[in-house]
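Participant: My questions all concern the structure below.
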Amino acid sequence: MLSCDICGETVTSEPDMKAHLLIVHMENEVICPFCKLSGVNYDEMCFHIETAHFEQNELERSFARINTIQIRTSDNRKDNTLQCRMEVNSGVHSACASNHPKISAQSLPNDGTLKHKAFYSENLTESRKFLKSKEKEYDPSKIKGSIYETTYSPPECPFCGRIEDCSQDMENHVKTKHADLLDTPSEDHDQPLYDCPMCGLICTNYHILQEHVDLHLEESNFGQGIDRVQCSRDLELAHQLQQEEDRKRRSEESRQEMGEFQKLQRQYGLDNSGGYKQQQLRNMEIEVNRGRMHPSEFHRRKADMMESLAIGIDDGKTRTSGIIEALYRYYQNAATDVRRVWLSTGVDHFHSSFGDKGWGCGYRNFQMLLSSLLQNDAYDDCLKGMSIPCIPKIQSMIEDAWKEGFDPQGASQLNNRLQGTKAWIGACEVYTLLTSLRVKCRIVDFHKSTGPLGTHPRLFEWILNYYSSEREGSPKVVCTSKPPIYLQHQGHSRTVVGIEERKNRTLCLLIFDPGCPSREMQKLLKQDMEASNLKQLRKFVGNLKHKQYQIVAVEGVLSSEEKVVSICIFGYVKLEPVELTSLKFLVRINVNPFVSHSALFWFCII
């Protein structure tokens with residue numbers, strides 16, 4: 001037997017139940033559950049509800065989802081249960097379907113309910129009353145042999161969890177307590193909306209918008225604070241990196257400066273690597289190892305060197321004499337392109353040896369100048385009994401002059417010590433030594449170029465005036481009584497022994513270079529000397545292009561009183577400035593960076 005779920009009538013078979021539902025419940029008149037409209041078919045009623053009661057229909061469906069009926073089934077087994085939920089809408093739809101003549105039993109879904117998006121056949125209140133009456137009439141004990149057991153579960157609020165006795169009470173509870181949570185359109189369509197200027201969020205209340213914007217600002221301030229902290233850390237890191245880079249740069253500059261200073265020390269003989277004696281022995285040992293010198297020759301030269309150092313006199317192995325006389329004979333018989341020539345007094349040539357190669361030019365030029373003075377009777381009084389000293393002896397003589405008070409600035413810059421070193425000397429040291437020997441001299445500085453292409457024509461004119469007093473009417477070759485001139489420029493020094501005036505009125509200096517070996521200088525002593533042999537002596541204006549030049553010119557003999565005055569002048573210059581116009585003193589130009597910069601001497605500037 002089958003029972004109708006709507007009216008409770010029982011039938012014997014399933015076809016009878018379908019006929020019952022079609023005749024009794026689906027052919028009745030369809031009524032609108034909201035406005036009681038009737039007299040229309042099912043499709044027209046659906047269209048009416050969709051157009052006239054759309055908002056009310058949506059609200060009722062929201063309440064309908066809340067109320068459910070749980071059906072529990074069992075097949076005589078307590079551990080196997082099946083729970084099903086059926087919306088209240090199913091009962092309402094069934095009631096509506098019983099009044100619609102066009103729907104047959106075959107068109108119903110498998111769960112026996114009629115569902116449509118916006119259709120109710122009766123108003124919701126009457127449907128709930130009908131369901132309650134059916135629940136009261138339904139008694140599972142009256143159905144014998146039925147496999148269904150149905151229990152009613154009271155509705156529970158989906159928002160707060162509250163349980164009510166019936167669906168009507170739950171509907172009132174939701175409407176009163178949770179109306180703001182229902183998915184219903186706002187009744188006030190004119191309520192103003194507020195857009196967030198930072199993210200575009202729409203708020204219905206400006207207080208909420210203000211709180212929302214405050215959150216943005218707090219987040220922004222927090223981010224800016226983090227940015228400021230990060231910026232401060234970045235600046236600190238950049239400062240540390242800059243300091244580290246500056247420290248490394250200063251360290252590198254200091255290291256390079258120290259390297260360059262040590263290089264200069266080695267170049268100018270101030271690296272404590274020994275002096276003349278040590279270099280002489282070391283170079284002779286190298287020659288022996290290379291097979292260029294026999295061991296017996298090494299020992300013989302060593303013995304001669306030790307003897308020379310002991311007595312302080314040069315051994316004469318680098319000396320070449322008689323060159324001035326050979327030049328006189330040559331100019332008398334040849335040199336047709338020369339109009340006049342002036343030669344100094346006799347002077348010997350000295351060249352560098354194993355002991356002073358690379359640094360001894362100043363000492364060798366002093367030996368040349370002294371050799372000329374020793375041949376001049378005018379200087380017998382101040383140089384009486386003197387011989388050509390060796391280089392270590394010259395160093396000792398300069399140190400003695402410093403001790404007397406000459407050139408205190410130069411002495412301090414060279415640590416008051418020359419012996420045992422390879423320190424270079426320049427025009428100042430030669431002037432100091434000659435003055436201490438009572439030889440009157442002066443330094444002339446040609447501090448800048450006076451001709452095209454960096455040449456110094458005024459230097460040539462000054463030397464010409466030094467050797468010649470009257471050029472007109474003089475013979476072609478003039479052997480003067482003037483000593484040679486010490487010529488200094490950056491890194492090297494030489495000795496001027498004469499000057500040529502050629503037929504084209506150009507000037508040419510005759511220079512002895514200590515770098516020229518004896519074998520080359522001895523070629524000038526031959527009777528048939530050729531013009532090509534003079535090439536190493538001749539220096540034209542275009543050959544002297546150094547930035548500046550200094551010369552030491554000998555002018556006579558100093559008395560003992562004048563020597564004392566010279567010493568006092570050095571001390572006076574050290575204490576306070578000198579009136580240059582009255583005393584005619586000038587600061588000498590430094591050629592060697594390790595010799596004095598500020599000592600004053602008797603000289604004029606060109």
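The values are calculated or read from the model by the stated rules, or taken from the named source; none is laboratory data. Everything quoted here is computed from the prediction, not taken from an experiment. With ideal geometry, Cβ positions are generated from the backbone for all residues, glycine too; neighbour counts draw on all protein chains shown. Keep in mind that these areas ignore ligands, DNA and RNA; they rest on the heavy atoms of the full protein, side chains included. Shrake-Rupley method; radii C 1.70, N 1.55, O 1.52, S 1.80 Å.
Participant: From the set of residues in the stretch 277-333 that are without any contact (Cβ under 8 Å) to a residue 40 or more places away in the chain and β-branched (V, I, T), which is surrounded by the most Cβ atoms within 10 Å (Cβ to Cβ)?
Facilitator: V288
Participant: Moving on to the next point. Restricting attention to helices (runs of 4 or more DSSP H) lying wholly within the stretch 370-465, give those where 1 or more residues are over 19 Å from P484 (Cα atoms) and charged (D, E, K, R). Give the steps one after another, and end with the answer.
Facilitator: Numbers: elements: 391-404, 408-413, 427-436.
By residue number, 391-404.
Participant: Taking R494 as the residue in question, decide whether it is at pLDDT 90 or above and either surrounded by 14 or more Cβ atoms within 10 Å (Cβ to Cβ) or not polar (S, T, N, Q) (or both).
Facilitator: Values: at pLDDT 90 or above: yes; either surrounded by 14 or more Cβ atoms within 10 Å (Cβ to Cβ) or not polar (S, T, N, Q) (or both): yes.
Yes; evaluated as a whole, the condition is true for this residue.
Participant: Within the group V554, V565, which residue is assigned to a helix (DSSP H, G or I) and either of a type in the set (A, V, I, L, M, F, W, C) or touching a His at 6+ places or on another chain (Cβ under 8 Å) (or both)?
Facilitator: Numbers: V554 fails: assigned to a helix (DSSP H, G or I).
Just a single option satisfies the conditions, and that option is V565.
Residue-wise test of (1) farther than 30 Å from T176 by Cβ; (2) open to solvent by less than 50 Å² (accessible area, probe 1.4 Å); (3) at pLDDT 70 or above.
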{"residue": "T12", "(1), (2), (3)": "yes, no, yes"}
{"residue": "P15", "(1), (2), (3)": "yes, no, yes"}
{"residue": "H20", "(1), (2), (3)": "yes, yes, yes"}
{"residue": "V24", "(1), (2), (3)": "yes, no, no"}
{"residue": "V30", "(1), (2), (3)": "yes, yes, no"}
{"residue": "L37", "(1), (2), (3)": "no, no, yes"}
{"residue": "F54", "(1), (2), (3)": "no, no, no"}
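Participant: Every residue in the stretch 243-256 that is open to solvent by 90 Å² or more (accessible area, probe 1.4 Å) and within 13 Å of the chain's Cα centre (by Cα), please.
Facilitator: Q243, E245, R247, K248, R249
Participant: Quick check on this structure: which one of K503, K526 is at pLDDT 90 or above, of a type outside the set (S, T, Y), open to solvent by 80 Å² or more (accessible area, probe 1.4 Å) and farther than 15 Å from S344 by Cβ?
Facilitator: Values: K526 fails: at pLDDT 90 or above.
Within the list K503, K526, the selection yields K503.
Participant: Now for a separate question. Whether any residue in the stretch 463-483 is farther than 18 Å from R340 by Cα and surrounded by fewer than 19 Cβ atoms within 10 Å (Cβ to Cβ) is what I want to check.
Facilitator: Taking the stretch 463-483 as the starting set, the residues that turn out to be farther than 18 Å from R340 by Cα are 483.
Still in the running and surrounded by fewer than 19 Cβ atoms within 10 Å (Cβ to Cβ): none.
No, that holds for no residue.
Participant: Could you check, for the stretch 341-360, whether at least one of its residues is assigned to a helix (DSSP H, G or I), in contact (Cβ under 8 Å) with a residue 40 or more places away in the chain and of a type outside the set (D, E, K, R)?
Facilitator: If we filter the stretch 341-360 for residues that are assigned to a helix (DSSP H, G or I), which is where we start, we get none.
Within the stretch 341-360, not a single residue is assigned to a helix (DSSP H, G or I), in contact (Cβ under 8 Å) with a residue 40 or more places away in the chain and of a type outside the set (D, E, K, R).
Participant: While we're here: In the list E429, E404, E461, which residue meets the criterion of being closer than 23 Å to Q279 by Cα and either out of contact with any Leu (no Cβ under 8 Å at 6 or more places or on another chain) or touching a residue at least 12 places away in the same chain (Cβ under 8 Å) (or both)? Write out each step before concluding.
Facilitator: Working: E404 fails: closer than 23 Å to Q279 by Cα; E461 fails: closer than 23 Å to Q279 by Cα.
Answer to the selection: E429.
Participant: Looking at Q522, is it in contact (Cβ under 8 Å) with a residue 60 or more places away in the chain, farther than 17 Å from I443 by Cα and outside any loop (DSSP other than H, G, I, E, B)?
Facilitator: Working: in contact (Cβ under 8 Å) with a residue 60 or more places away in the chain: yes; farther than 17 Å from I443 by Cα: yes; outside any loop (DSSP other than H, G, I, E, B): yes.
So Q522 fits the description; yes.
Participant: Starting from the stretch 493-504, keep only residues that are within 15 Å of P475 (Cβ to Cβ), then list their pairs with residues that are open to solvent by 30 Å² or more (accessible area, probe 1.4 Å) and among the basic types (K, R) whose Cβ atoms are within a distance under 6 Å, requiring at least 6 positions of separation or different chains.
Facilitator: Close Cβ pairs (under 6 Å, with a partner that is open to solvent by 30 Å² or more (accessible area, probe 1.4 Å) and among the basic types (K, R)) amount to E501/R339.
Participant: So, of the residues in the stretch 334-364 that are modelled with pLDDT under 95 and charged (D, E, K, R), which turns out to be surrounded by the fewest Cβ atoms within 10 Å (Cβ to Cβ)?
Facilitator: D337
Participant: Let me spell it out: the conditions are (1) open to solvent by less than 10 Å² (accessible area, probe 1.4 Å); (2) closer than 25 Å to V565 by Cα, and R438 meets all of them except one. Which number is the exception?
Facilitator: Going through the list (1) open to solvent by less than 10 Å² (accessible area, probe 1.4 Å); (2) closer than 25 Å to V565 by Cα, R438 breaks only (1).
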